[in-house]
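Scroll down for the structure; my scribbles are underneath it.
Coordinate-derived values only; no laboratory data. Just so you know, these numbers come straight off a predicted model, no measurement behind them. Counting neighbours? That spans all protein chains shown, and the Cβs are built from the backbone with ideal geometry, glycine included.
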Amino acid sequence: MEIHTKRTVLVKYDESDFNAFCKVICNDEVMYHIAGKGYSSTVAKEKFEELLNTNKENENYGFYKVILKEDRSVIGFAKIVPFETDMMEIGYALMPEFWQMGLTTEMVQELVQIGKKHFDDKRIIAIVNVDNIGSLKVLERFNFVTYKKESFKDDPCYFLEIQD
């Protein structure tokens, strides 16, 4: 399944996409609010193998490379994946040169629509580092509200859920 926004297309990662994946998750600036710093290529390879397995499980959820329609370059990643038993988590990251351009807003809109369409029995959540003000603002535009604040992967995070 491809997910189209006005300026991007989200396409599930496949076996040939490791370098594009690593470009994003090995970048310290991109990963600062997700993991504190970019992953090593060894850890990236492990994560990549895990996401490939997730992508095979269900047509409607998984991990996606974010491709800029204008020039077909990979500029980030997005995900909509199961979380715990009754939730679907959305997540995303873009390369720094594409921040504050409205691209994340476009992606969140589509991820939320997919979540509502294909997983209407699940709560749609996002987990955001407390310092990631930009991401919090984007999610609030889509009626995400904080339902708890706690440590996640050793970082203080807000757990947000969409309210209809």
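At a glance:
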| quantity | calculated |
| --- | --- |
| Long-range neighbours under 6 Å by Cβ, at least six apart or interchain, first residue farther than 29 Å from residue 122 by Cβ within the stretch 88-107, second of a type in the set (Phe, Trp, Tyr) | none |
| Among (1) buried (at least 17 other Cβ atoms within 10 Å of the Cβ); (2) under 19 Å from residue 59 (Cα atoms), the one test that residue 142 misses | (2) |
| Residue list for the stretch 18-47, restricted to those being among the aromatic types (Phe, Trp, Tyr) and either outside any helix (DSSP H, G or I) or more than 20 Å from residue 127 (Cα to Cα) (or both) | 18, 21, 39 |
| Residue under evaluation residue 124, criteria (1) within 22 Å of residue 101 (Cβ to Cβ); (2) touching a Gly at 6+ places or on another chain (Cβ under 9 Å), criterion not met | (1) |
